[in-house]
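Input: a single structure, listed below in structure tokens.
The values are calculated or read from the model by the stated rules, or taken from the named source; none is laboratory data. If you're wondering where the values come from, they're calculated on a predicted model, not measured in any experiment. Using ideal geometry, Cβ is built from the backbone for each residue, glycine included, and neighbour counts are taken over all protein chains shown. Remember, those area values only see protein heavy atoms, side chains included, never the ligands or the DNA or RNA. Shrake-Rupley method; radii C 1.70, N 1.55, O 1.52, S 1.80 Å.
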Amino acid sequence: MKIFIDTADLQEIKEIASWGILDGVTTNPTLLAKSGRSFQEVIDTIFDLVDGPISLEVLSEKSDEMIKEAKGIVAKIPQKYQKNIAIKIPMTPEGLKAVKTLCKDGIKTNVTLIFSANQALLAAKAGATFVSPFIGRLDDNGQEGMKIIEEIMEIFCNYDIETEVIVASIRHPIHVIDAARLGADIATIPPDVIRKMIKHPLTDAGIKSFLKDWEKVKK
Ligand code: E4P
């Protein structure tokens, strides 16, 4: 399973990319606002940090405006990085129209705010490169989010659909294990959850006791 980082915090992306575990990045307007940096500042740096798909969201609501906005974003990125841009488009009829056109024009798309297998199927039919089902928000709403990942994986597998499934809105490490066990293509994970995935108290205790014992034998 590929691991994307779900943040616009450039320091976190740089640090975690240095561990050699990152395959891409997803951002959204909320994450950009949290980063305290402008959109321009983020796009000026982010492509140097991770060589993989970087999702950037459009905010227009009409398909022709979404397409214009998407092309405007692509135009701002140096040519050598353009292959890594994935334009995040919301799951609406206007969004699907935009996906269809952008797909024809060779621009990658990530259809976001997916909350059902049917939405994922329609986004894939329109030509989405990625679909992002938001499982944490479904859990928050009293539904079992991971259930739709199971359904989407089954449907995409039945029909050899090439659209990749990004498990999004991940809240904790168990979500990551569940996503991997279901064969999801990608999990996009907030930095704090990635840090929790590394940690185990027995690892820390083991290092401590090895260091203590080493003191006894080193000359
Ligand atoms: C995905 O691309 C989104 O940025 C993200 O996973 C949303 O997660 P949230 O529900 O924690 O805001």
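Answer with yes or no whether S209 is at pLDDT 95 or above, open to solvent by less than 90 Å² (accessible area, probe 1.4 Å), among the hydroxyl-bearing types (S, T, Y) and in a helix (DSSP H, G or I). Break it down into steps so the answer makes sense when it comes.
Numbers: at pLDDT 95 or above: yes; open to solvent by less than 90 Å² (accessible area, probe 1.4 Å): yes; among the hydroxyl-bearing types (S, T, Y): yes; in a helix (DSSP H, G or I): yes.
Here the answer is yes, as S209 does meet what is asked.
Within segment 106-115, the set of residues being free of Cβ contacts under 8 Å to residues at least 24 places away in the same chain and open to solvent by 20 Å² or more (accessible area, probe 1.4 Å) comprises G106, L113.
Those helices (runs of 4 or more DSSP H) of segment 1-76 in which at least 2 residues are closer than 22 Å to T101 by Cβ and open to solvent by 30 Å² or more (accessible area, probe 1.4 Å), considering only elements entirely within it, cover 63-76. Taking first residues from segment 26-52 that are closer than 23 Å to E164 by Cβ and partners that are open to solvent by 60 Å² or more (accessible area, probe 1.4 Å) and in a strand (DSSP E or B), the Cβ contacts under 8 Å between residues at least 6 apart in sequence or on separate chains come to G52/K2. Considering only segment 86-102, I want to know if a residue exists there that is away from the ligand (no atom under 13 Å from the Cβ), open to solvent by 40 Å² or more (accessible area, probe 1.4 Å) and among the hydroxyl-bearing types (S, T, Y). Looking through segment 86-102, at least one residue is away from the ligand (no atom under 13 Å from the Cβ), open to solvent by 40 Å² or more (accessible area, probe 1.4 Å) and among the hydroxyl-bearing types (S, T, Y). Candidates in segment 132-157 are the residues that are of a type in the set (S, T, N, Q) and within 13 Å of the ligand (Cβ to nearest atom); of these, the one that is most open to solvent (accessible area, probe 1.4 Å) is N141.
Residue under question is D192, and the condition is that it be among the acidic types (D, E) and either open to solvent by less than 40 Å² (accessible area, probe 1.4 Å) or closer than 26 Å to A17 by Cβ (or both); does it hold? Show your work before the answer.
Working: among the acidic types (D, E): yes; either open to solvent by less than 40 Å² (accessible area, probe 1.4 Å) or closer than 26 Å to A17 by Cβ (or both): yes.
Criteria met by D192.
Considering only residues that are away from the ligand (no atom under 11 Å from the Cβ) and either open to solvent by 60 Å² or more (accessible area, probe 1.4 Å) or closer than 28 Å to V74 by Cβ (or both), which ones fall in segment 116-131? Matches in segment 116-131: N118, Q119, A120, L121, L122, A123, A124, K125, A126, G127, A128, T129.
Reported count of residues in segment 183-219, each being touching a strand residue (DSSP E or B) at 6+ places or on another chain (Cβ under 8 Å) and either free of Cβ contacts under 8 Å to residues at least 12 places away in the same chain or among the aliphatic types (A, V, I, L, M) (or both), is 6. The listed residues are K2, K14, and the only one of them that is modelled with pLDDT of 95 or more and more than 15 Å from the chain's Cα centre (by Cα) turns out to be K14.
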